[in-house]
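Worksheet: the structure to be examined is printed underneath.
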Amino acid sequence: MRAINFIWILILAVAFSSCEKDNFGPQQEETNTELSGTKAIILNEGNFNFGNASLSLVDENGEVQNQVFQNANGAPLGDVLQSGVKHNDRFYFVLNNSGKVVVTDTSFQQVGEITGLQSPRYFLPVGESRAFVSDIYSDEISVIDLNQLTVISTIDVGAWVEQMTLLDGLVYAVNKDDNNLELIDPEALEVVSSIDVPAGPSDIEVDAFGTIWVMCTGGLGANEFKLYKIDPATEETEILEVSSTSGFLELNPEKDELIYASEEEVFRRPVNGSGEESVFNFDTEILVYGFEVDPATGNIWITDAADYVEQGEVFVFDEAGNEKFSVGVGYLPNGVVFW
Amino acid sequence: MLTLRITLIVLLLPAVLAAQNDTGMVIVPQLDHADVIALENFEAHKEQTFDSLAFEDPLLFDLDDLIAARTPVFIKQYGNSGIATAGFRGTGAVHTSVLWNGLDVNSPTLGQSDLNTFPLAFSERVNVTYGISSLPQSSGGLGGTISLDDQLRFVEQTNAKVRLGYGSFAKMEGMGKISWGSERWQFETGIFHRQAENDFTFADPSRVDLPTDTMQNADYTISGVSQSVGFKPNDRNIFNFHLNATKADRTIPGILLSPGKYSQQWDENVRGVLEWKHVREKSIHRLQSGFTFDKLDYQGDEFSNTNSSSWQSQYRGLFLLNEKWKLRTLAQHRIYFAESDGYSSSHRQNRTILSSTIERETKSNRVFLTLREERIDDIFSPFLFSVGAVQQLFGGLSLKANAGRNYRYPAFNDLYWNPGGNPDLEPEEGWSAEVGLNWERTDAGERTTFTHQLGINYYHSLIENWILWSPKENIWQPQNLWKVRNRGVEVNLSEKIESGNWRLNIDLQYSYTSTENIEESAANEGMQLIYVPFHTARAVANAKWKSWTARVQYAYNGKRYIAADHSSWMPFFSTTDLSLGKEFEIGNDRLSCFFTINNLLDQNYQVMPWRPMPGRNFMVNLIYEFKSGVKQ
């Protein structure tokens, strides 16, 4: 009976292809390299809804270990790694679309997580056991108890708040919706005042003299970059023209020079000087997705997100702009945590 | 130059009318006669046709089920209830043209269709056409075209069908159709509803030790109605009106790594078309005018609303020039309109389409040439064509070849999305050629009849100006970035065996797809595009013994890369579904009962990353057919 044969072939084909397998989620290439010397953590943001956020460790010789969190914990980190901070021998990784902050020890073993956040962006320690977490959609800053790893209070800011910095007992939080800085009392947990800034504030730094600097992009798609200088004591402000096109603002280790980048060039500007000067040019193929200055060495780290659908790269330059090394990391690297 | 092209096409028309005086075959003057319907169908190089499945096959409910299980097309399924889109031969969802009774029903904003919102209950016939051979029907289907058609039969009848089902995860489904009328009037009313809690359990690979978890926030409700009215005053004229409306309310869970997150999507689709078919001695004319209306509300972290509509009118003519030559003409005008929270203003688009197909057919061969020109607002399409031939060889073998040029105009979102929309986008242009060998044979024995069919097809196509959204100046923007080469082999084998009380149908399909960007110096040059499996295979076996039926369907989808540099991927998955049924004759009526096991082998799988699919689950279906009063 040919009919019977067909049925058997079919059954065998089905049985053959249905061997039990554990690997049914997304899979990734594995690397295993020995590292030495000082290391830096690369924050690989990953694609939205791909769940491919990860950590890479890069040592001073340019050797890399990828999938550091996955390897240490046997589980993925989460979706959209927005930022990370080291505080008191713990790392705090903000997973935007997972709505949580993952807390690890210095060997990247997870020791806990802070959940119940809507769309968290940045993490700022404001005391030994207290931190603020900003959010895109909740219109609030969450106040975290770092011992309990729970949200103990919220501060209503009524808008999308991004980066935060602490200066003279006040938190300065970048309000993206209203183009201002919200000044928050971290003890009273309330907004005490605000300072208007030009459109599209994208990064904030405080120099060695206590002056606040805000990089502004002009807003989504506007590309009208301005540097805004605020003297918090006198409330005097100044708008400066810049050649920046990437929105990032960094300081040198002495905190007396601002460092920023266009799509092909890195600039520095003494905080008390008059103008900017070019430090070096880099390959225009690099898509500047993160820009950091190592506060210990002054090395400049540019993280390149390539074309967003493949793994990125990190390019490291010394203060004079000589390329030290470049190395392949995870998806959409957006920042570096130095430790 | 452009004007000349258009004129050439138009000039063909009067030539045809003059040619009608030739002697030759005469069309049976009865429009709903099977011969006439067959004559109207244009046989494509590679196509699959499915007839009235919804009330026969409990494994299929909507278009998504059908395409995923019975064609080699890869369906991107965003979870068990979410959006499902079709990509033919390594192309994307935007390269799949979807037609409903001749109307273009792809969303003008997205340029694609969610197959989850097309129930099979409403469509008597689903035709799936691959590659360039879809050009005579529509442009833009660089991958292929799915065409859904309602058909009324003008017979004295009162006929009703009901299908009810209940299954795991509180899944409830029902559909019904009543057809009644005479040789002059026909009325057909349809209704369907499907809902599920969808709270299935799954193994969670995002956590250590694969704990079992329960899906939350994945419930859906989708329902709809359809109405057709047909009027046949005489054998030369038919007026048909078809209307259908569907409404879907779906909760779309976030990925496993964003637990607790979900979004809500509400779709409303209304479509209607009025047509007049007129048959003369040597020609058939069809005049149609219809509308589509689509509303999509989405609540994620923020709310968005999109409304789009279209008004589409067309004339289609078929002229028998003589015994061998046929000419098909098409003139269409389509107006698309869309407004969205994502646009800074509403947008409108006018499309005018002229197309002719000349066809010569003898007993042993058939050749055809299609010419097509479109104008979108003030822009003329490239000159589109498709040329093909079929040659009967010996012993049931036939050889086919088809080649041509197609194009796809960017969708509204590509052009107008704020921010990022790029009004300077060029249309995508596709060149394509394919060749196929087909073998068919029937062995009729004393007790047993075997029908064998084997087809092998090879295609090669190139899509230039491939539109890709990618970051530029910190904003995602669509650009004409890639040149994509698609090559592949499709093999299908089917066996029909009839022996005494036994009927057995087996259908096996395999396809190999190689799709790569060949744009020089691109980072992914020469690498398989993401989400395109190299290998897909399908098997369906359908056995009937007296009043018992058994169906098994098996689908295999190979490894898909999910990063352009191939650094991450989704492993292969396969599913097996089994359905057992028994029919009871109750007077003139027929009751069929089915028991179905989906994912029989309880495989853990994900089609898209971190979106789990259900394990083994069950369904019971009853199908009742009231056949009283049917006069053939």
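The values are calculated or read from the model by the stated rules, or taken from the named source; none is laboratory data. In this text, all values refer to a predicted model and were calculated from it rather than measured experimentally. All Cβ positions, glycine included, derive from the backbone under ideal geometry; neighbour counts span all protein chains shown.
Among the residues of region B:51-62, are any within 13 Å of the chain's Cα centre (by Cα), buried (at least 24 other Cβ atoms within 10 Å of the Cβ), closer than 28 Å to B:I623 by Cβ and of a type in the set (A, V, I, L, M)?
no
I need every pair where a residue in region B:567-579 that is assigned to a strand (DSSP E or B) has its Cβ under 6 Å from the Cβ of a residue that is basic (K, R), sequence separation at least 6 or different chains.
Cβ pairs passing all conditions: B:W569/B:K559; B:M570/B:R560; B:S579/B:R551.
Looking at this structure, is A:G290 modelled with pLDDT of 95 or more and within 14 Å of chain B (Cβ to nearest Cβ)? First the steps, then the outcome.
Numbers: modelled with pLDDT of 95 or more: yes; within 14 Å of chain B (Cβ to nearest Cβ): yes.
Against the criterion (modelled with pLDDT of 95 or more and within 14 Å of chain B (Cβ to nearest Cβ)), A:G290 qualifies.
What is the one condition in (1) more than 30 Å from A:K324 (Cα to Cα); (2) within 12 Å of another protein chain (Cβ to nearest Cβ); (3) surrounded by fewer than 24 Cβ atoms within 10 Å (Cβ to Cβ) that A:V143 does not satisfy?
Exception for A:V143: condition (2).
Matching residues to (1) part of a strand (DSSP E or B); (2) at pLDDT below 95; (3) among the small types (G, A, S); (4) surrounded by fewer than 19 Cβ atoms within 10 Å (Cβ to Cβ):
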| residue | (1), (2), (3), (4) |
| --- | --- |
| B:A389 | yes, no, yes, yes |
| B:G404 | yes, no, yes, no |
| B:G421 | no, yes, yes, no |
| B:L437 | yes, no, no, yes |
| B:D443 | yes, yes, no, yes |
| B:E446 | no, yes, no, yes |
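Output the number of residues of region B:541-552 satisfying the condition of being assigned to a strand (DSSP E or B) and more than 10 Å from every other protein chain (Cβ to nearest Cβ).
Result for region B:541-552: 6.
Return the residues of region A:91-113 that are without any contact (Cβ under 8 Å) to a residue 40 or more places away in the chain, more than 14 Å from chain B (Cβ to nearest Cβ) and of a type outside the set (D, E); say none if nothing qualifies.
A:Y92, A:T104, A:S107, A:V111, A:G112, listed by residue number.
One line per residue, one yes/no per condition, for (1) of a type in the set (D, E); (2) without any contact (Cβ under 8 Å) to a residue 60 or more places away in the chain; (3) closer than 30 Å to A:V143 by Cβ:
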site: A:D178; (1), (2), (3): yes, yes, yes
site: A:L183; (1), (2), (3): no, yes, yes
site: A:T217; (1), (2), (3): no, yes, yes
site: A:P253; (1), (2), (3): no, yes, no
site: A:G273; (1), (2), (3): no, yes, no
site: A:S278; (1), (2), (3): no, yes, no
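Where in region B:171-236 are the strands (runs of 3 or more DSSP E), entirely inside, with at least 2 residues that are β-branched (V, I, T) and crowded, with 16+ Cβ neighbours inside 10 Å?
Per the criteria, B:220-234.
What number goes with the only condition from (1) buried (at least 22 other Cβ atoms within 10 Å of the Cβ); (2) in contact (Cβ under 8 Å) with a residue 24 or more places away in the chain that A:E257 does not pass?
That leaves (2) as the condition not met.
Confirm whether A:W339 is more than 14 Å from chain B (Cβ to nearest Cβ), closer than 24 Å to A:E205 by Cα, buried (at least 19 other Cβ atoms within 10 Å of the Cβ) and of a type outside the set (V, I, T). Before you say what the answer is, go through the steps one by one.
Working: more than 14 Å from chain B (Cβ to nearest Cβ): yes; closer than 24 Å to A:E205 by Cα: yes; buried (at least 19 other Cβ atoms within 10 Å of the Cβ): no; of a type outside the set (V, I, T): yes.
Considered against the rule, which asks whether it is more than 14 Å from chain B (Cβ to nearest Cβ), closer than 24 Å to A:E205 by Cα, buried (at least 19 other Cβ atoms within 10 Å of the Cβ) and of a type outside the set (V, I, T), A:W339 comes out as no.
Check A:E263 against each of (1) of a type outside the set (S, T, Y); (2) more than 16 Å from the chain's Cα centre (by Cα); (3) surrounded by fewer than 18 Cβ atoms within 10 Å (Cβ to Cβ); (4) away from chain B (no Cβ under 14 Å) and name the one condition it does not meet.
For A:E263, the failing item is (4).
Just need a number here: residues in region B:559-573 that are of a type outside the set (A, V, I, L, M, F, W, C), facing chain A (nearest Cβ under 7 Å) and surrounded by 20 or more Cβ atoms within 10 Å (Cβ to Cβ).
Qualifying residue count for the region: 1.
Within region A:183-220, how many residues turn out to be aliphatic (A, V, I, L, M) and buried (at least 21 other Cβ atoms within 10 Å of the Cβ)?
Of region A:183-220, the ones aliphatic (A, V, I, L, M) are A:183-184, A:188-189, A:191-192, A:195, A:197, A:199, A:204, A:206, A:208, A:212, A:214-215, A:220.
Filter once more, keeping what is buried (at least 21 other Cβ atoms within 10 Å of the Cβ): A:184, A:197, A:204, A:214-215.
Residues flagged as aliphatic (A, V, I, L, M) and buried (at least 21 other Cβ atoms within 10 Å of the Cβ) within region A:183-220 amount to 5.
Need pairs with beta-carbon distance below 8 Å; first residue away from chain A (no Cβ under 12 Å) and buried (at least 20 other Cβ atoms within 10 Å of the Cβ) and within region B:513-529, second hydrophobic (A, V, I, L, M, F, W, C) and in a loop (DSSP other than H, G, I, E, B); sequence gap 6+ or separate chains.
From region B:513-529, the pairs are B:T513/B:V532; B:T513/B:F534; B:T515/B:L529; B:T515/B:V532; B:E516/B:M527; B:E516/B:L529; B:Q528/B:F534.
Among the residues of region B:600-630, which ones are within 12 Å of chain A (Cβ to nearest Cβ), buried (at least 20 other Cβ atoms within 10 Å of the Cβ) and within 17 Å of B:N198 (Cβ to Cβ)?
Answer for region B:600-630, where residues must be within 12 Å of chain A (Cβ to nearest Cβ), buried (at least 20 other Cβ atoms within 10 Å of the Cβ) and within 17 Å of B:N198 (Cβ to Cβ): B:N604, B:Y605, B:Q606, B:V607, B:M608, B:W610, B:R611, B:P612, B:M613.
Looking at (1) surrounded by fewer than 23 Cβ atoms within 10 Å (Cβ to Cβ); (2) at pLDDT below 95, which is the only condition B:L164 fails?
(2)
How many of the residues in region B:453-475 are touching a Ser or Thr at 6+ places or on another chain (Cβ under 7 Å) and modelled with pLDDT under 95?
Adding up the residues that qualify gives 0.
Scan region B:107-138 residue by residue and report those that are touching a Ser or Thr at 6+ places or on another chain (Cβ under 7 Å), assigned to a loop (DSSP other than H, G, I, E, B) and polar (S, T, N, Q).
The answer is B:S107, B:T109, B:Q112, B:S113, B:Q137, B:S138.
What is the residue count in region B:319-375 for residues that are part of a strand (DSSP E or B), over 27 Å from the mean Cα position of the chain (by Cα) and aromatic (F, W, Y)?
2
Considering each residue of region B:252-273, count those that are away from chain A (no Cβ under 14 Å) and out of contact with any His (no Cβ under 9 Å at 6 or more places or on another chain), and give that number. Outline the logic, then answer.
First, pick out the residues of region B:252-273 that are away from chain A (no Cβ under 14 Å): B:264-273.
Then keep just the ones that are out of contact with any His (no Cβ under 9 Å at 6 or more places or on another chain); that gives B:264-270.
Total meeting the criteria: 7.
Scan region A:42-61 for residues that are more than 16 Å from A:Q311 (Cβ to Cβ), more than 9 Å from chain B (Cβ to nearest Cβ) and not acidic (D, E) and jot them down.
Scanning region A:42-61 gives A:F48, A:N61.
If you take the residues of region A:304-326 that are away from every other protein chain (no Cβ under 14 Å) and under 18 Å from the mean Cα position of the chain (by Cα), which of them is nearest to B:Y531 (Cα to Cα)?
Checked region A:304-326; the qualifying residue nearest to B:Y531 (Cα to Cα) is A:V314.
Assigned to a strand (DSSP E or B), under 19 Å from B:T201 (Cα atoms), in contact (Cβ under 8 Å) with a residue 12 or more places away in the chain and away from every other protein chain (no Cβ under 13 Å) - does that describe any residue in region B:580-587?
Checking region B:580-587: not a single residue is assigned to a strand (DSSP E or B), under 19 Å from B:T201 (Cα atoms), in contact (Cβ under 8 Å) with a residue 12 or more places away in the chain and away from every other protein chain (no Cβ under 13 Å).
Out of B:K232, B:K247, report the one residue that is in contact (Cβ under 8 Å) with a residue 60 or more places away in the chain and either away from chain A (no Cβ under 14 Å) or in contact with a helix residue (DSSP H, G or I) (Cβ under 9 Å, 6 or more places away or on another chain) (or both). Before the answer, list the steps.
Values: B:K247 fails: in contact (Cβ under 8 Å) with a residue 60 or more places away in the chain.
The unique qualifying residue is B:K232.
What pairs come out if I take residues in region B:438-457 that are within 30 Å of B:T513 (Cβ to Cβ) and pair them with residues that are part of a strand (DSSP E or B) and aliphatic (A, V, I, L, M) whose C-beta lies under 6 Å away, six or more apart or interchain?
As it stands, the answer is B:W439/B:L397; B:W439/B:L454; B:L454/B:L493; B:I456/B:L437; B:I456/B:V491, since those pairs meet every condition given.
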